[in-house]
Amino acid sequence: MAILATGPGSTVALGVRVSSEGRGSAEEFFSRCVANVAVLDRAARLHAADGDAISAVSAAWGADVNAAQSVLWERIMVASTAPQHLFFRAAEALIPGLAVATAGEPSNAMQAVAASRRSLLDACDAGLRREIQRTWPEISYLAVLPAPTGEDLVAAAAERLGGMSPARFAQERYRLAQAAMHEAHEYRVRGDSAAAIQGAYDSDFLALEGYLVESAAAAGDAALLSVVARWDLATGAVTELAGLPDEFAAAVAVIREALCRGLGEADAGRMRGAFATA
């Protein structure tokens, strides 16, 4: 198993958890990683255009992680660590990288990601380093953004949580999701399918936000950096939909399947359990 260093005193195993279907499942994971690189690179550029340095850095780093996973697919066919865990550990790796990047002057978001890339490659052999580096997206667009500081990360997490603890935030989002779904069903009973589908859509995204914060906190991602990249992946899958069925239940099923597909197989079961019921 290849071990990549992610910071002082921290290592993470990158690999593919292969099911009984064997190589086919590994190939599906590889394809998903490659697709995720494109989704997250696009999201990072959009965040950068909005001047959101933290989200841009988080999405760019998520793209790097998926690119590294796609390379390692060819070297590792079986691993004990579920692939989605890397997002949480990568968030931990990013914070020391940010500290390195902001230690000197000048400093910008591109240098922050570059420092984290060096940290990820520290324990790789020369051949693997070259392979991974070839897959990484170009990040010069980040140079115009300031490198987020530790204080910036703390402030951004606090703003996201609205003064609540992660657990309380998740509970509140789940409560709001349930209320929105209840209202959606009322619209459905009254025959207003468009309003019902919109209500269910809103409910599912509230549940998604609660789930991402809850799972990030449980994994020790106090800065909630993994939330950004995983949100971008889930919502990216929804935006790729050609449209929604007119029938309520069918539309809800399509939205939920897309969100779960964006998050990945390992998250799908827990995410389905987080969605509001009727």
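The values are calculated or read from the model by the stated rules, or taken from the named source; none is laboratory data. Since we're looking at a predicted model, the values are computed, not measured. All Cβ positions, even for glycine, are placed from backbone atoms using ideal geometry, and neighbour counts span all protein chains on display.
Laid out as a table, the results:
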read-out	value
Flag if A93 is buried (at least 21 other Cβ atoms within 10 Å of the Cβ) and modelled with pLDDT under 90	yes
Selection within the range 186-243 - closer than 19 Å to G264 by Cα and either among the basic types (K, R) or in contact with an Asp or Glu (Cβ under 6 Å, 6 or more places away or on another chain) (or both)	R230
Checklist (1) in contact with a His (Cβ under 8 Å, 6 or more places away or on another chain); (2) buried (at least 20 other Cβ atoms within 10 Å of the Cβ) applied to R230, failing item	(1)
From A216, A177, residue being more than 21 Å from D246 (Cβ to Cβ), surrounded by 20 or more Cβ atoms within 10 Å (Cβ to Cβ), of a type outside the set (K, R) and modelled with pLDDT under 95	A216
Residue match in the range 234-242 (condition: out of contact with any Gly (no Cβ under 9 Å at 6 or more places or on another chain), assigned to a helix (DSSP H, G or I), surrounded by fewer than 24 Cβ atoms within 10 Å (Cβ to Cβ) and β-branched (V, I, T))	yes
Test result for D246, assigned to a loop (DSSP other than H, G, I, E, B) and surrounded by fewer than 20 Cβ atoms within 10 Å (Cβ to Cβ)	yes
Looking only at the range 111-131, and only at residues there that are in contact (Cβ under 8 Å) with a residue 60 or more places away in the chain and more than 21 Å from S226 (Cα to Cα), the one that is surrounded by the most Cβ atoms within 10 Å (Cβ to Cβ)	C124
Verdict on G236 being touching a residue at least 12 places away in the same chain (Cβ under 8 Å), over 10 Å from the mean Cα position of the chain (by Cα) and farther than 22 Å from I197 by Cα	no
Test: residue in the range 204-219 that is touching a helix residue (DSSP H, G or I) at 6+ places or on another chain (Cβ under 8 Å), of a type outside the set (A, V, I, L, M, F, W, C), without any contact (Cβ under 8 Å) to a residue 12 or more places away in the chain and in the same structural domain as A170 (by TED's automatic domain parsing)	no
The range 249-264 - residue that is more than 13 Å from the chain's Cα centre (by Cα) and in contact (Cβ under 8 Å) with a residue 12 or more places away in the chain and, of those, surrounded by the fewest Cβ atoms within 10 Å (Cβ to Cβ)	V254
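To keep it simple, each residue is scored yes or no on (1) under 23 Å from M271 (Cα atoms); (2) part of a helix (DSSP H, G or I); (3) at pLDDT 95 or above.
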| position | (1), (2), (3) |
| --- | --- |
| H47 | no, yes, yes |
| G62 | yes, yes, no |
| R75 | no, no, no |
| R89 | yes, yes, no |
